[in-house]
Protein chains: 2
Amino acid sequence: MKKHLFDPIPESMPQELVTDILRSESVRIERIVSFGQASPDGFWYDQSESEWVLLREGSAQIRGNDRLRELGPGDYLNIPAGTRHRVEKTAENARTVWLAVFYK
Amino acid sequence: MKKHLFDPIPESMPQELVTDILRSESVRIERIVSFGQASPDGFWYDQSESEWVLLREGSAQIRGNDRLRELGPGDYLNIPAGTRHRVEKTAENARTVWLAVFYK
């Protein structure tokens, strides 16, 4: 069945909104919507899955491998399993829409 | 390294442009750009991999499971392995940009 990436997204939420798009044994696709949220101070993601992430709308700063990357619409990034990273910032007063593909 | 989904895309090409974005054992992500191309008459895709496809720009008609689906920007579709399908049409005089995730 055909579905739409932006349907439905509220304008604002106190937490990030994570929606499953696809789940299989080898891959998981999620839509993640941030409303200005960032990773808590001192928190680092260190995932056992690899993650490919596409920023679709909004903006974000991701820190990893000693680099800070600014992402805007259309930018994508591959984060291999075990790469410590954190979201320093997402757009304030706007939605940041991510497409994330987790794989092994 | 950060990269951009739309970079670079020519304005027109005689064939579809397929660009590898990611390859791993379990998943393959491609950007596919169509410039009005469709599947040849009588041709059906019948893939051993499953495919999740997101239309990012342009428009298309996909036929499968006895249904014709119109896709516009933001629409996505999951095509399980072994599902016969074909692209009836993509936008003429415009680019149609797909993100395709192939998985097992």
Legend entry - Scope the stretch B:23-72; condition facing chain A (nearest Cβ under 9 Å), surrounded by 17 or more Cβ atoms within 10 Å (Cβ to Cβ) and not small (Gly, Ala, Ser); matching residues: B:VAL27, B:ILE29, B:TRP52, B:LEU54, B:ARG56, B:ILE62, B:LEU71
Legend entry - Among the candidates B:ASP75, B:ASP20, residue that is facing chain A (nearest Cβ under 9 Å) and free of Cβ contacts under 8 Å to residues at least 40 places away in the same chain: B:ASP75
Inset, instruction - Mind counting the residues in the stretch A:83-104 that are outside any strand (DSSP E or B) and either modelled with pLDDT of 95 or more or within 14 Å of chain B (Cβ to nearest Cβ) (or both)? - result: 5
Legend entry - Per-region count, the stretch A:84-104, residues under 11 Å from the mean Cα position of the chain (by Cα) and more than 15 Å from A:ASP46 (Cα to Cα): 7
Inset, instruction - Could you tell me which of the residues A:LYS104, A:LYS89 is over 20 Å from A:ARG31 (Cβ atoms) and not acidic (Asp, Glu)? - result: A:LYS104
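The values are calculated or read from the model by the stated rules, or taken from the named source; none is laboratory data. Note that this is a predicted model, so its numbers are computed, not measured. With ideal geometry, Cβ positions are generated from the backbone for all residues, glycine too; neighbour counts draw on all protein chains shown.
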